[in-house]
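Each remark here refers to the structure printed beneath this line.
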Amino acid sequence: MIKVLFVCLGNICRSPMAEYIFKNMVEKEKLQDNFYIDSAATSSEESGNPIYYAAREKLNKMHIKCGNHTSRKITKEDYQKFDYIIAMEEKNIINIKKIVGEDKENKIYKLLDFSSDPRDIQDPWYTGDFDKAYNDIVKGLEGFIKYLKERNEKL
Ligand code: 4NP
């Protein structure tokens, strides 16, 4: 079982989008039993709130179903629980480390580092561009699946 935690600032836009898109991708490949997938925030600003409506609308339009996830802040325990902690931008990584401590087991990654276009994923909460966020997230997730397959992770 590969345990993956997607992380962004508020856990109402990018990281739950990544969570549901990735769940959809692994279901399509019938690999869902091999994964435990969740998402979390680096801030408690939106704690308890559901995925933002514009993120949900974009996922609905792409026929990706959303669960009833509500925002939660990442905890120190998450570092032990998960195998991959995947951030959306560099700032997230700095903030994750403030909460979980040093990344001694090299579990913390940035999503687009798995793609051929490594960079931050801009926050659609500020840009309003949910199409771009969606496309970037898909690009990163496709790279992540490829990475897992190349590493011969038990899929
Ligand atoms: P996210 O976007 O990090 O992609 O979930 C944000 C949503 C809300 C806030 C910040 C970022 N906020 O500060 O409320």
Open item on the list: Checking the structure you have, find out if any residue of the stretch 88-103 is in a helix (DSSP H, G or I), polar (S, T, N, Q) and within 16 Å of the ligand (Cβ to nearest atom).
Closed with: yes
TODO: Could you run through the stretch 118-133 and say how many residues are aromatic (Phe, Trp, Tyr) and either assigned to a loop (DSSP other than H, G, I, E, B) or closer than 20 Å to Ile93 by Cα (or both)?
DONE: 2
Task: Per-region count, the stretch 1-37, residues more than 13 Å from the ligand (Cβ to nearest atom), closer than 17 Å to Thr75 by Cβ and buried (at least 21 other Cβ atoms within 10 Å of the Cβ) - done: 2
TODO: All but one of (1) touching a residue at least 24 places away in the same chain (Cβ under 8 Å); (2) within 16 Å of the ligand (Cβ to nearest atom) hold for Thr70, so report the exception by its number.
DONE: (1)
- [ ] Evaluate the following for Gly48: is it surrounded by fewer than 17 Cβ atoms within 10 Å (Cβ to Cβ), within 13 Å of Ile12 (Cα to Cα) and modelled with pLDDT under 95?
- [x] no
Task: Filtered residues of the stretch 75-99 (kept if hydrophobic (A, V, I, L, M, F, W, C) and either buried (at least 19 other Cβ atoms within 10 Å of the Cβ) or out of contact with any helix residue (DSSP H, G or I) (no Cβ under 9 Å at 6 or more places or on another chain) (or both)) - done: Phe82, Ile85, Ile86, Ala87, Met88, Ile93, Ile94, Ile96
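The values are calculated or read from the model by the stated rules, or taken from the named source; none is laboratory data. No experiment lies behind these values; they were computed from the predicted model shown. We place every Cβ from the backbone using ideal geometry, glycine too, and count neighbours over all the protein chains shown.
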